[in-house]
Amino acid sequence: MKRNRFDLSGRVAVVTGSGRGIGKAVALGLAEAGADVGLVSRTPAELERVSEEIRSLGRKAVAVSADLTKVQDIPHIVKEFVRAFGHIDILVNNAGINIPQEATDVTVDAWDRIMDINLKASFFMAQSVGREMIREGRGGRIINITSQTGSVALVKRAAYCASKAGLNLVTKVLALEWAPYGILVNAVAPTFIETELTKEFLSDPEFRQYALSKNLLKRFGTVDDVVGAVIYLASPASSLVTGHVLMVDAGWTAH
Ligand SMILES: NC(=O)c1ccc[n+]([C@@H]2O[C@H](COP(=O)([O-])OP(=O)(O)OC[C@H]3O[C@@H](n4cnc5c(N)ncnc54)[C@H](OP(=O)(O)O)[C@@H]3O)[C@@H](O)[C@H]2O)c1
């Protein structure tokens, strides 16, 4: 019988920011591919709803409600997942925010809030999970959700672009350091995807027109457009891929 190269049966995935948007779709997609899933965000009611959906697929779901910017709590959160599942095979660092501001208006508070979740929390999640993966000796996959803005500039996004470019390079450093342990570290960099995060600026007709003018496929993404890329990077199909930033950007960065 032919092996399904995208099968995640028996794997354990942790997805941050999995209460809604891209993270929710990724958590459900990984469960559909066979994985049990650990969920984390600050809103328990959203996590509970996603957990129920995962359980209805016949997979195990464990939700931890936490603010990941409290990075000193991250090792305890990761331990909670390890206690519940035994180990972690896949981490998807998805939790993130954006606060669009002209460079002249960026506040210290906004800069720190963006960096704290998009870059700092993502690194320390990877560090904690990476330590567990190294200790277990089973290898693993870490997938960071960055953005096309980690590679190209966009107005009103000085801090956001910096956080995503930083996470792209952290991805490569971790790939380099952890290859000897069989831990493959990659990023998925989407273009505009219609979620709560983008609702406000994608409802501005002028911005929509600008964004579509850069987009070769002439449509914004859906959360589902990101799921396949994550499943690929989490699965045996990508076993020779590490340190890569997979653009899911409708060709935005191709020209
Ligand atoms: N949508 C896009 O167009 C797009 C494009 C490129 C990249 N991305 C990236 O994709 C990721 C998800 O975006 P999205 O559009 O799905 O956003 P979203 O709908 O706003 O969801 C963000 C998720 O992150 C969680 N989160 C935010 N701050 C957190 C914190 N301090 N601690 C724990 N969880 C936190 C949120 O839950 P709580 O608020 O309940 O904590 C929520 O579950 C982000 O990293 C974003 O930068 C999005």
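Could you grab the relative contact order for segment 12-248? Cα pairs under 8 Å, six or more apart, rounded to a whole percent.
19 percent
Label points 7 Å out from Cα along the Cβ direction at residue 70 and residue 255: separation in nm?
4.9 nm
Can you give the Kirkwood hydrodynamic radius of segment 12-248 from its Cα pairs, in Å with one decimal?
17.8 Å
Considering only DSSP beta bridges where both residues belong to segment 12-248, give the percentage that are antiparallel (nearest 5). Display every interim value, and only then the final one.
Values: 0 of 29 bridges.
Within segment 12-248, antiparallel bridges account for around 0 percent of the total.
Between residue 136 and residue 206, what is the label-point separation in nm under the 7 Å Cα-to-beta-carbon projection?
Label at residue 206, label at residue 136, 5.0 nm between them.
Looking at this model, which pairs from 24/79; 2/214; 79/199; 172/214 are more than 30 angstrom apart at the alpha-carbon?
2/214; 79/199
Obtain the nm distance between the two label points defined at residue 49 and residue 127 by a simple spin-label model: each point lies 7 Å from its Cα along the Cα-to-C-beta direction.
3.4 nm
Please list, ordered by chain and number, the residues whose modelled amide H lies under 5 Å from the amide H of residue 63; skip anything fewer than 5 residues away on the same chain.
39
How far is helix 44-56 tilted, in degrees, relative to the longest principal axis of the Cα atoms in the chain, given as a value from 0 to 90 rounded to the nearest 10?
On a 0 to 90 degree scale, this one is about 50.
In what sequence do 128, 203, 65 fall when counting other Cβ within 10 Å, fewest first?
Least to most surrounded, the residues fall as 203, 65, 128.
Post the alpha-carbon centroid distance, segment 132-171 to segment 38-116, in whole angstrom.
15 Å
Among 111, 252, what is the fewest-to-most ranking by other Cβ atoms within 10 Å?
Sorted ascending by nearby Cβ count, the order is 111, 252.
Give me 214, 24, 70 ranked fewest to most by other Cβ atoms within 10 Å of their Cβ, as a rough exposure proxy. Each step should come with its number before you reach the end.
Working: 214 18, 24 23, 70 12.
Least crowded to most crowded, the residues run 70, 214, 24.
Can you list the residues of segment 117-138 with backbone N under 16 Å from a point 7 Å past the Cα of residue 177, pointing along Cα to Cβ?
Counting only backbone N, you get 119-135.
Bear in mind these aren't lab numbers, they're just calculated from the coordinates by the rules spelled out. Bear in mind the structure is a predicted one, so any value in this text is a computation, not a measurement. All Cβ positions, glycine included, derive from the backbone under ideal geometry; neighbour counts span all protein chains shown.
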